[in-house]
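Presented below is the structure to which this report refers.
The values are calculated or read from the model by the stated rules, or taken from the named source; none is laboratory data. Since this is a predicted model, take the numbers as computed values, not measurements. Neighbour counts are summed over all protein chains in view; Cβ atoms, including those assigned to glycine, are modelled from backbone coordinates with ideal geometry. Areas reflect the complete protein model, heavy atoms only, side chains present, ligands, DNA and RNA absent. Shrake-Rupley method; radii C 1.70, N 1.55, O 1.52, S 1.80 Å.
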Amino acid sequence: MTTLIKAEQLTRYYGKHCAVNQLSFSLAKGQILGFLGANGAGKTTTLQMLCGNLAPTSGEIQVNGFDMLKQAKLAKRSLGYVPDTPPLYKELSVNEFLRYCAQLHGVPKADIPAAVKLAETRCGLTDVADRLIANLSKGYQQRIGIAQAIVHNPDVIILDEPTVGLDPLQIIEIRNLIRELGRNHGVIFSTHILSEVQELCTDVLIIRQGACVLNARIDALPAEKSLEAIFIELMQAGDL
Amino acid sequence: MNLMLVIAAREFKTLFLSPLAWTILAILQFILAFLFLTQVENFTMLQPQLATMDNAPSLTDITVTPLFGNAGIILLLVTPLLTMRLICEERRNKTLTLLLSAPLSNAEIIIGKYLGSLGLFALIVGLITLMPLSLLIGGTLDFGKLVANLLALSLLVSAFASIGLFMSCVASNPTIAAMGAFGSLFVLWILDWSAGLADKHSELLAYLSILRHFQNIQSGLINTADISYFLLFISLFLLLSIRRLDKEQL
């Protein structure tokens, strides 16, 4: 298995507050890593650092062998990021927006129409391709957010709470999409829904107050305990 | 380089998706056309007197120079409105993440945005230049002076836009960005006034005043010192904008 992401000793301070503390993990092709933690545990901060939106105070990130700080452009080429609020230009149509994203990620001009079409098909956006993003529902906007991250066919896809605010049917669709993406890409996604992790992921990473408390394969977890029980146990262990 | 132009093209097109650019273009053109008309009227009234004078000011002096001067003042008011949303709105709508996660350097983002807004300003300056060109139907123009005016206004607006962009990087909200840009431009414009007080004459303030350099070029004296003033001005604020964006990631 090829290692796609390697994070070592990631630390991030906001002033004196330590948001992420000495976090190390790695991601390989075909892995879906579920990223869990209570509110404010440092999930979003970690994901932002992985995507080069935020510089770590110390530590190292390698994406596809490229250092995120020293070779940011090459590293970012292999990344697709869906932040918690999908970054959408609402005054554009879905087609225009995805074309722009493909251009920004350096997809060759001749391949852009095919890439946009593929992303739209995978995210179920074909019917709304010509509509303005502003007029679409939240579910569709979330899917455009994902389409934007996969249009350049990156090796790693990072999703920050992709299923928040969606109806049950849309959640299932997005989960199927993530599962499908996981076959050919490395996927990291953060969530609060534990059953989602159990169902989808190959690996789980739990952090508390910025530090890693569990990093394991799902099938290596004790079978008699549910993930929920493990999660609650880990969270309470720190409070004592 | 290529990606910079992608951002620039997007920015330019986005400006025209909102009514703001259209409204500003229309109002600007109306006001300036009105002022231009007054100048032309002036010229036709003065013509008999001018004919008897030695070294009389030409048609270009009476119509073109005031037109570009007025355009400078009006653009001082308008530029902050056009530049306020450049970075600020991206940050508010959380779309800045898209640019930051793409394989782009911060310099490419800033310069791309800047070039996009310059596209609109080039259009504005172009439309303004059409007015004196219309005089060719019935008269002659001093093209040297016209080009000098064109250069002066282009440099002036580019400098305005660079401050506007910087303020948009700093401010958390477009109104504050517009106010900040307007305030700093206005101060730079009026610095020259205090330099004019006889006993408090300051070479430094006079040099910093944007108005003086603008008028120097406008009068046809194309001087390296004035041109480098504008180029330094623009580079300084672009650099500060890039630094500001860098700092956001730290």
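Could you sort the residues of segment A:44-68 by number and keep only those whose accessible area is reduced by 50 Å² or more in the all-protein-chain setting relative to the chain alone, 1.4 Å probe?
The answer is A:N53 - residues whose exposure falls by at least 50 Å² when every protein chain is included.
Roughly to the nearest percent, how much of the accessible area of segment B:2-249 is carbon and sulfur, given a 1.4 Å probe? Don't skip to the answer; put the middle values down first.
Details: 7910 of 11300 Å².
Summing carbon and sulfur atoms, their accessible area is 70 percent of the total for segment B:2-249.
Out of all DSSP beta bridges in the protein assembly as shown, what portion is antiparallel? Express it as a percent rounded to 5.
Values: 22 of 40 bridges.
Antiparallel bridges: around 55 percent, rounded to the nearest 5.
For chain A, modelled as a GNM with alpha-carbon contacts under 10 angstrom, which of A:G59, A:G80, A:G34 fluctuates the most?
A:G59
Please work out how much accessible surface B:V147 shows to a 1.4 Å probe, ignoring ligands, DNA and RNA, in Å² rounded to 10.
Here the accessible area works out near 90 Å².
Let me confirm one metric for peptide A:83-89, namely the mean number of other chain beta-carbon atoms within 10 Å of its residues' beta-carbons.
Numbers: counts 6, 2, 4, 4, 10, 4, 7.
The per-residue average across the peptide is 5.
Could you order B:D226, B:D246 so the one with the most accessible surface comes first? Probe is 1.4 Å. Before the final figure, lay out the partial values.
Working: B:D226 5, B:D246 60 Å².
The ranking, largest first, comes out as B:D246, B:D226.
Give me the Kirkwood hydrodynamic radius of the protein assembly as shown in Å, from all C-alpha pairs, to one decimal place? Numbers along the way, then the final one.
Values: mean 1/r = 0.0390 Å⁻¹.
Hydrodynamic radius (Kirkwood, Cα pairs) of the protein assembly as shown is 25.6 Å.
Just the number, please: buried accessible area between B and A, total of both chains, 1.4 angstrom probe, nearest 100 square angstrom. The partial results should precede the final answer.
Details: alone 12680 and 11580 Å², together 22100 Å².
What B and A bury together is about 2200 Å².
What whole number of Å gives the distance from the Cα centroid of segment A:149-191 to the Cα centroid of segment B:66-131?
First find each Cα centre; the distance between them is then 35 Å.
Explain nothing, just the number: relative contact order of chain A, from Cα pairs under 8 Å at least 6 residues apart, as a whole percent.
Numbers: 448 pairs, mean separation 63.9, N = 240.
Normalised by residue count, the contact order of chain A is 27 percent.
Restricting to bridges with both residues inside chain A, how much of the DSSP beta-bridge set is antiparallel, in percent to the nearest 5?
Details: 22 of 40 bridges.
Antiparallel bridges: around 55 percent, rounded to the nearest 5.
Return the distance in nm (one decimal) between the two label points of a simple spin-label model at B:L205 and B:F143, each offset 7 Å from Cα along Cα→Cβ.
Simple spin-label model gives 4.2 nm for this pair.
Please list B:V170, A:V63 in order of solvent-accessible area, largest first, computed with a 1.4 Å probe with all protein chains present.
Working: B:V170 65, A:V63 0 Å².
Reading off the accessible areas and sorting them downward yields B:V170, A:V63.
When chain A is modelled as a GNM with alpha-carbon springs shorter than 10 Å, which of A:G182, A:G42, A:G106 fluctuates the most?
Its mean-square fluctuation being the largest, the pick is A:G106.
Within 10 Å, count the other beta carbons around each residue, average over each peptide in B:4-10, B:78-84, A:173-179, and list them highest first. Spell out each step's value before the answer.
Values: B:4-10: 19.3, B:78-84: 24.4, A:173-179: 17.7.
In decreasing order of mean packing, B:4-10, B:78-84, A:173-179 become B:78-84, B:4-10, A:173-179.
What distance in nm separates the two pseudo spin-label positions at B:R92 and B:L221, each 7 Å out from Cα along the beta-carbon direction?
Using points 7 Å along Cα→Cβ, the separation is 4.3 nm.
For chain B, what does the relative contact order come out to in percent, with C-alpha contacts under 8 Å and a separation of six or more?
On the way: 266 pairs, mean separation 63.7, N = 250.
25 percent.
Which of the helices in chain A, when you take each full DSSP H run, stretch at least 24 Å along the axis at their Cα atoms and have an average Kyte-Doolittle score of -1.0 or higher? Don't skip to the answer; put the middle values down first.
Working: long enough: A:168-184 (25 Å, -0.21).
Sorted by number, the helices that extend far enough and score high enough are A:168-184.
For B:I62, B:I109, what's the largest-to-smallest order of accessible area, 1.4 Å probe?
Working: B:I62 25, B:I109 0 Å².
The residues order as B:I62, B:I109, largest area first.
Using a Gaussian network for chain A with springs between C-alpha atoms less than 10 Å apart, which of these wobbles most: A:L74, A:L98, A:L47?
A:L74
I need the trypsin sites (Lys or Arg not before Pro) found in segment A:35-134, filtered to DSSP loop residues with at most 10 other beta carbons within 10 Å of theirs. Could you put the intermediate results ahead of the total?
Working: sites: A:K43, A:K70, A:K73, A:K76, A:R77, A:K90, A:R99, A:K109, A:K117, A:R122, A:R131; in loops: A:K70, A:K90, A:R131.
Here the sparse-neighbourhood loop sites are A:K70.
On a C-alpha basis, how far is the centre of segment B:1-48 from the centre of segment A:45-78 in Å? Whole number, if you could?
43 Å
Tell me the Kirkwood radius of chain B: reciprocal of the mean inverse pair distance over distinct alpha-carbon atoms, in Å.
Details: mean 1/r = 0.0515 Å⁻¹.
Averaging 1/r across every pair of different Cα atoms and inverting gives 19.4 Å.
With a 1.4 Å probe and all protein chains left in place, how much accessible area per residue does chain A have, in Å²? Kindly include the intermediate steps, with their values, before the conclusion.
Numbers: 10530 Å² over 240 residues.
Per residue, chain A has 44 Å² of solvent-accessible surface.
I'd like the mean, over residues of A:95-104, of how many other protein chain beta carbons sit within 10 Å of each residue's own Cβ.
4
Check cross-link reach from A:K90 to the lysines: straight Cα distance under 28 Å, and skip same-chain residues fewer than eight apart.
Within reach: A:K43, A:K73, A:K76, A:K109, A:K117, A:K138, B:K13, B:K94, B:K113, B:K247.
Counting only other chains, what is the mean number of Cβ atoms within 10 angstrom of the Cβ of each residue in peptide B:13-20?
Numbers: counts 4, 4, 0, 0, 5, 1, 0, 0.
Averaged over the peptide's residues, the number is 2.
Between B:E248 and A:N184, what is the label-to-label distance in nm when each label sits 7 Å out along the Cα-to-Cβ direction?
Taking the simple label geometry, B:E248 and A:N184 are separated by 3.3 nm.
Treating only the Cβ of Lys, Arg, Asp and Glu as charged (+1, +1, -1, -1), what charge dipole size does chain B show about its Cα centre? Round to the nearest 20 debye.
The calculation lands at about 880 debye.
So what are the radius of gyration and Dmax for the Cα set of segment A:90-181, in Å?
According to the Cα coordinates of segment A:90-181, Rg and Dmax are 12.5, 38 Å.
Mind pulling the angle between the C-alpha long axis of helix B:65-83 and the longest principal axis of chain B? Nearest 10 degrees, somewhere in 0 to 90.
10 degrees
Could you pull the accessible area for B:S168 with a 1.4 Å probe, rounded to 10 Å²?
0 Å²
Suppose R0 equals 45 Å; then what is the FRET efficiency for A:L234 and A:L132 from their Cβ-Cβ distance, rounded to the nearest 0.05? Before the final figure, lay out each step's value.
Numbers: r = 45 Å, r/R0 = 0.99.
Efficiency at R0 = 45 Å is approximately 0.50.
Tell me, what is the FRET efficiency for A:S226 and B:L123 to the nearest 0.05, using R0 = 56 angstrom and their Cβ-Cβ distance as r? Mind showing how you got there, number by number?
On the way: r = 63 Å, r/R0 = 1.12.
So, using R0 = 56 Å, E works out to roughly 0.35.
Give the relative contact order (percent, whole number) for segment B:60-154; include only Cα pairs under 8 Å separated by 6+ residues. List each step's numbers first, then the result.
Numbers: 28 pairs, mean separation 50.2, N = 95.
Worked out over segment B:60-154, it gives 53 percent.
Among the GluC sites (Glu not before Pro) within segment A:51-160, which fall in a DSSP loop and have no more than 15 other Cβ atoms within 10 Å of their own Cβ? Walk me through the numbers before you get to the answer.
On the way: sites: A:E60, A:E91, A:E96, A:E120; in loops: A:E91.
Filter output for segment A:51-160: A:E91.
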